[in-house]
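Right, one structure below, let's go through it.
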Amino acid sequence: MNRRTLLLATFTVLALAVLASLCEPAFAQQEMEREDIKQSIQKAVKWLQSQQAADGSWDYQDQPFKLGIHMTDGCTCFVLFALLKGGVLPNDPCITKGFAYARPKPFQHVYTVSCLILALEALYTWEKPEPKKKEKEEAKPDIDKHITELVEKKDETVKKFHKRVSPADRKLMIEAVKWLVDHQETNIWRYPGGSGGNEDCSNTQYAMLALNAARRLKIPVPIDVFKKVADYCVKNQEKDGPEVEWFPVPGADNSFAKLRKIQELLKKEIRDLNRDYKRRVRKGEQPPADGWTTTVVEDAQRKMYGGEKKKIRARGWCYMFNDTESQAWRLRITGSMTTSGAAALLIAKAALEEERAADKAYMEKINTAIRDGCGWLAHHWSTSRNPAGEGSSIHKCYYLYGLERVGMLGLIPRFGKHFWYDEGVKEWLRTQKADGSWDAGGAGTSGPVPDTCWGILFLKRATTPLVRIPETIYTGEGLFGGQKPKK
């Protein structure tokens with residue numbers, strides 16, 4: 001190894017050490033995908049493709065969760081979303097046939113319209129994966145190029161979407177957003193035509209994910225939509241619960257503006273390190289073995305995790321707080337509905353903060369609710385079932401995907417002492433069937449098609465974060481060099 005190569009390698013280790021120490025909350029977003037996870041996703045994708053009907057649709061079972069309606073078009077849109085996130089090409093025949101089936105369908109249900117928006121966003125913002133490098137290239141990586149990409153690469157999702165989207169699909173997406181806004185109930189969402197003014201958290205999380213995607217793509221959404229959701233979630237969370245040992249919840253402990261500043265600080269520090277490294281190489285100097293990282297790490301950790309460690313209590317959400325039909329299961333606090341409440345609040349917080357639509361006292365109520373929702377998930381932690389405050393519950397895979405949403409939106413690496421991605425991966429890999437599908441059976445929702453979609457989305461960490469941290473990191477061992485961040 002010549003001197004320049006040695007200097008390059010030394011700098012890379014130091015620069016990535018900065019990232020590792022700084023970016024604990026978003027580590028799952030950064031680690032290179034393990035081969036066993038890749039193979040699992042590929043098997044699941046292949047199985048889903050095999051389930052497509054001749055007309056381009058996908059269907060599901062009406063058990064164990066039974067409704068008085070059936071949404072084949074909604075299932076089709078959700079599968080399209082999962083397949084695109086799973087790496088299927090936008091021009092793949094199964095994608096083309098699926099959209100040909102879904103586009104003409106009238107808007108009828110919140111799930112369907114929400115999933116259509118998510119699928120269209122995934123279609124037009126699809127990114128081609130990095131090509132696998134040849135052995136010689138892997139032996140001598142272009143480190144200068146990767147570091148430059150790390151600090152200079154811009155997020156051009158919005159530009160790409162508006163450049164690629166067809167006029168017809170742009171119109172369809174705008175109409176779908178308007179339909180969701182128009183069908184918001186008093187505060188959140190329910191199946192249109194539902195009786196008694198009931199609203200439910202499950203419809204709500206899909207609507208919020210879709211409207212967040214619309215905002216991300218600069219499609220206007222009235223800010224009052226997010227304020228109503230925040231009002232509902234803050235008011236209808238459990239009133240009390242046991243205290244939970246403190247753990248960081250960056251999406252609640254900080255404003256998103258502050259998190260973005262930390263992100264920019266990280267980029268600036270790495271840019272400065274890169275500049276200093278190049279200067280030393282030109283002079284033939286050896287970069288210091290340490291010292292570069294100390295200030296960066298300490299300052300970033302202080303900003304990300306410093307300040308008051310506010311009390312966390314385990315307080316969750318149920319499916320339907322204002323149930324008028326007296327069905328006990330609707331009032332049961334569960335993991336799946338708690339992830340829904342926390343994710344909806346994180347999205348609402350980001351929107352309200354950006355629009356300066358709420359005062360400091362109200363935002364602190366939102367932060368407390370998010371923090372306590374995450375506390376409930378830590379206190380009732382499970383990856384083998386959808387935890388319930390009392391009794392058993394279904395929707396296991398739906399709940400696991402909920403953990404991914406909250407983890408990614410809130411920049412949360414762990415709930416309590418549990419690293420949600422690692423523990424979730426073990427469960428997904430353990431329970432995947434030989435044909436590539438997942439089916440939680442009586443502990444599931446609606447059979448193997450949605451369960452398999454949730455598996456793909458979890459393993460891919462498919463939820464777009466509210467704050468991005470630098471991507472394109474090549475270490476060969478993951479962001480932490482095979483080690484977990486400190487607890």
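The values are calculated or read from the model by the stated rules, or taken from the named source; none is laboratory data. The shown structure was predicted, so the numbers you read here are calculated from the model rather than taken from an experiment. Positions of Cβ are generated from backbone atoms using ideal geometry, with glycine treated the same way; all protein chains shown enter the neighbour counts.
Only one of the listed residues (406, 425) is over 25 Å from residue 333 (Cβ atoms), aliphatic (A, V, I, L, M) and in a helix (DSSP H, G or I). That residue is 425.
It is to be established whether one or more residues within the range 231-241 are of a type outside the set (Lys, Arg), surrounded by fewer than 23 Cβ atoms within 10 Å (Cβ to Cβ) and assigned to a helix (DSSP H, G or I). Yes, the range 231-241 contains at least one residue that is of a type outside the set (Lys, Arg), surrounded by fewer than 23 Cβ atoms within 10 Å (Cβ to Cβ) and assigned to a helix (DSSP H, G or I). Residue 438 satisfies every condition listed in (1) at pLDDT below 95; (2) touching a Ser or Thr at 6+ places or on another chain (Cβ under 6 Å); (3) over 27 Å from residue 245 (Cβ atoms) except (1). Inside the range 333-355, residues that are out of contact with any Lys or Arg (no Cβ under 9 Å at 6 or more places or on another chain) and either assigned to a helix (DSSP H, G or I) or within 13 Å of residue 410 (Cβ to Cβ) (or both) make up a count of 7.
Here residue 315 passes the criteria (1) of a type in the set (D, E, K, R); (2) over 23 Å from the mean Cα position of the chain (by Cα); (3) crowded, with 21+ Cβ neighbours inside 10 Å except the one numbered (2).
Residue 391 satisfies every condition listed in (1) closer than 30 Å to residue 65 by Cβ; (2) buried (at least 17 other Cβ atoms within 10 Å of the Cβ); (3) modelled with pLDDT under 95 except (2). Among the residues making up the range 402-436, those that are of a type in the set (A, V, I, L, M) and touching a residue at least 40 places away in the same chain (Cβ under 8 Å) are 403, 406, 408, 409, 411, 412, 425, 429. Considering the conditions (1) surrounded by fewer than 23 Cβ atoms within 10 Å (Cβ to Cβ); (2) under 17 Å from the mean Cα position of the chain (by Cα), residue 430 is excluded by exactly one of them, (2).
Would you kindly identify the helices (runs of 4 or more DSSP H) lying entirely within the range 84-190 that contain at least 1 residues that are at pLDDT below 95? If you could, list the steps in order and put the result at the bottom.
Numbers: elements: 93-102, 110-124, 135-139, 143-152, 157-164, 167-182.
By residue number, 135-139, 143-152, 157-164.
Do we find that residue 443 is surrounded by fewer than 22 Cβ atoms within 10 Å (Cβ to Cβ), under 14 Å from the mean Cα position of the chain (by Cα) and among the small types (Gly, Ala, Ser) in this structure? Give the derivation first.
Values: surrounded by fewer than 22 Cβ atoms within 10 Å (Cβ to Cβ): yes; under 14 Å from the mean Cα position of the chain (by Cα): no; among the small types (Gly, Ala, Ser): yes.
Criteria not met by residue 443.
Any idea which of 74, 68, 56 is surrounded by 13 or more Cβ atoms within 10 Å (Cβ to Cβ) and either in contact with a strand residue (DSSP E or B) (Cβ under 6 Å, 6 or more places away or on another chain) or in a loop (DSSP other than H, G, I, E, B) (or both)? Exactly one of 74, 68, 56 is surrounded by 13 or more Cβ atoms within 10 Å (Cβ to Cβ) and either in contact with a strand residue (DSSP E or B) (Cβ under 6 Å, 6 or more places away or on another chain) or in a loop (DSSP other than H, G, I, E, B) (or both), namely 56.
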